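The values are calculated or read from the model by the stated rules, or taken from the named source; none is laboratory data. Not measured: the values here are computed from a predicted model. Note that each Cβ is placed from the backbone with ideal geometry, even for glycine, and that neighbours are counted across all protein chains shown. For accessibility, only protein heavy atoms count, side chains too; no ligands or nucleic acids. Shrake-Rupley method; radii C 1.70, N 1.55, O 1.52, S 1.80 Å.
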Amino acid sequence: MSQFPQTPDFTGALAPVRVEADSTALEVDGQIPAELNGKFVRVQPDPQFVPFIEDDIFFNGDGSVTALTFRNGQVDLRQRFVRTERFLAEREARRALFGRYRNRYTDDASVAGKDRTVANTTVIGYQGALLALKEDGLPYRLDRDTLETLGRFDFDGQLTSETFTAHPKYDPDTGHFCGFAFEARGDGSRDIVFVEFDTSGRKVTEIWVEAPFPGMIHDFCVTERFVVFPLIPLSVDVQRLRRGGAHFQWEPEQAMLFGVMRRDGDGKDLQWLAGPPGFQGHVVNGFDDRNRIYVDLPTADGNVFPFFPDRNGQTTPLETLRAPVTRWTFDMSGKEGRLSAEPLTAQNMEFGKFDERYAGRPYRYGFLLGQDWSKPYHADRVGPPHPFFFNTLVQIDVTTREQQSWWPGPTDSMQEPVFVPRSASSAEGDGWLLAIVNRMAENSSDIVVLDAMRVAEGPIATIRSPLRLRMGLHGNWVPAAR
Ligand code: V55
Ligand code: FE
């Protein structure tokens, strides 16, 4: 093959870009607040080469990191591929050598034993550098300014798992960097490890536990006293991998399980609490009051990932999925924990952020992407909604459930926002939201800046990207170094 598959994973807002770039002082419509001083870093999966797998998926693309540096009301753009072992081997061969998503048995024999991760799911500041993360391998470290790849990172030998999550959290009180790994001892292993690193990068917590079945734990929640692992009913089977099959298989009858344990324990207190069948999405935030844990996340009534179908090749039709943001309450006051659920939104929402100074603590504001089908959508001009289609940016007050939202237009979609506080001492939610808008009719991308407390008023600045930014996953704000 010398062309990408003409599938929803490789067309429209998901068409590969495959370009590294530098551009200074991007065009701006409006005024960028002078207080915005730092970098919006984000990553898109972007395959370096055309795959040899015909039904290849979006999640299998090489990590391409974009840094938008805000300073004195101007914005510079830099975009670089992460030089993973896999990227370098394929660059040398000038073609794809690695096969299916998370299936080493489909690779070219020449790359047996090489690191397969593509570092394509998030990028976050850590110890003066950036970490590019994907849950199937170790982090890659990047220079925060040049985006040069510094190498694979095992926390200076302190990380003993084979993998590391793409959703670590900073504890706002201790400054600890909290992470975990699933399939932590390799493909199909049930091993999970929870780790914390202190502000000097020293490992201070390591708790090993086991999942009841090998499955995806994409995100998690760390409150002041507890850790919650949402185990998604997407199972892993090494025999299936050996046959060349998919890494994950949807299990429609399997209950959503939540692993709950104390943060300061040894893991023996871990309990798996069962909800109905369904699919746990990204955690917005959560907190505890010693006895109860509250975790806000979208939970769907079917499979959100159609590219990981069930044993019969079936999946839930996306148009029938309901995935409201839901508050899960875990009552841990008795011997056996109990769980209950209550929807916070009517619409499907995903890619939630919040004011991270309140991470794991009682909080008020969530910032999410919404699917608002009451708004017009011009499929005749830009095709059917792409995978991960969201057309509004929403602020929700989780204490009152009030919402306000901004809709960019009938041929646009949005990527995950980041929240930037106005200052270290400003009130919760007082600050800005930065987000990429996919202008599908123009085949271009803008970066918008909104007042996080006045989302409904729309952007105060719209920054034109000189190149299209492929649909991406996650990113973070990295304040300027002092
Ligand atoms: C996700 C994304 C991934 C992955 C597993 O958004 C889960 C969820 C971009 O790669 O490998
Ligand atoms: Fe994610």
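Things to note:
- Working note: 222 nm ellipticity from helices only, DSSP H runs with n ≥ 4, each -39,500 (n - 2.57), summed and divided by the residues of the chain, gives -1000 deg cm²/dmol to the nearest 500.
- For Phe213 and Arg292, the FRET efficiency from 1/(1 + (r/R0)^6), where r spans their Cβ atoms and R0 equals 25 Å, is about 0.40.
- Its alpha carbons give the stretch 362-406 an Rg and a Dmax of 13.2, 44 Å.
- The equivalent ellipsoid that matches the C-alpha gyration tensor of the chain spans semi-axes of 29, 28, 24 angstrom, in descending order.
- The residues of the chain expose, per residue, 39 Å² of accessible area to a 1.4 Å probe.
- Binned Cα-Cα distances of the stretch 1-100, short to long, each 10 Å bin given as a whole percent: 15, 38, 26, 16, 5
- Estimated FRET transfer efficiency (Leu467, Ala112; beta-carbon r; R0 25 Å; 0.05): 0.10
- Shown here for the stretch 31-103: GluC sites (Glu not before Pro) in loop regions (DSSP other than H, G, I, E, B) with at most 15 other Cβ atoms within 10 Å, namely Glu35, Glu54.
- Contact order, relative form, for the stretch 401-473: 28 percent (alpha carbon pairs under 8 Å, 6 or more residues apart, mean separation divided by residue count).
- Dipole of the chain computed with +1 at Lys/Arg Cβ and -1 at Asp/Glu Cβ about the Cα centre; of Leu469, Ala346, Phe330, farthest Cα towards the positive end is Leu469.
- Here's the picture: charge each Lys and Arg Cβ at +1 and each Asp and Glu Cβ at -1 in the chain, and of Ser445, Ala379, Phe52 the one pushed furthest to the positive end of that dipole is Phe52.
- Expected-Rg normalisation [2.2 N^0.38 Å, Cα atoms] applied to the stretch 411-482: 1.18
- Computed from the Cβ-Cβ distance with R0 of 35 Å, the FRET efficiency linking Thr400 to Ala129 stands at 0.30.
- For the chain, a simple Cβ point-charge model (Lys and Arg +1, Asp and Glu -1, everything else neutral) yields a dipole of about 460 debye relative to the Cα centre.
- Simple spin-label estimate for Lys375 and Arg185 in nanometres, 7 Å along Cα-Cβ: 4.8
- The loop-placed GluC sites (Glu not before Pro) in the stretch 346-424, going by DSSP, that have at most 11 neighbouring Cβ atoms within 10 Å of their Cβ come out as Glu402.
- Between Ser426 and Arg18, the simple label model (points 7 Å from Cα in the Cβ direction) yields a spacing of 4.1 nm.
- Site pair Gln239 and Leu88 shows an inter-label distance of 3.8 nm when each label is modelled 7 Å from Cα along Cα→Cβ.
- Under the Karplus curve 6.51 cos²θ - 1.76 cosθ + 1.60, θ = phi - 60°, whole-Hz ³J(HN,Hα) for the stretch 211-224, x wherever Gly or Pro sits: 7, x, 8, x, x, 7, 10, 6, 9, 8, 10, 10, 9, 4
- The trypsin sites (Lys or Arg not before Pro) of the stretch 59-100 that DSSP puts in a loop, and whose beta carbon has at most 11 other beta carbons within 10 Å, are Arg94.
- Portion, in percent, of the accessible area of the stretch 127-168 that falls on carbon or sulfur, probe 1.4 Å: 37
- For the stretch 348-474, a simple Cβ point-charge model (Lys and Arg +1, Asp and Glu -1, everything else neutral) yields a dipole of about 200 debye relative to the Cα centre.
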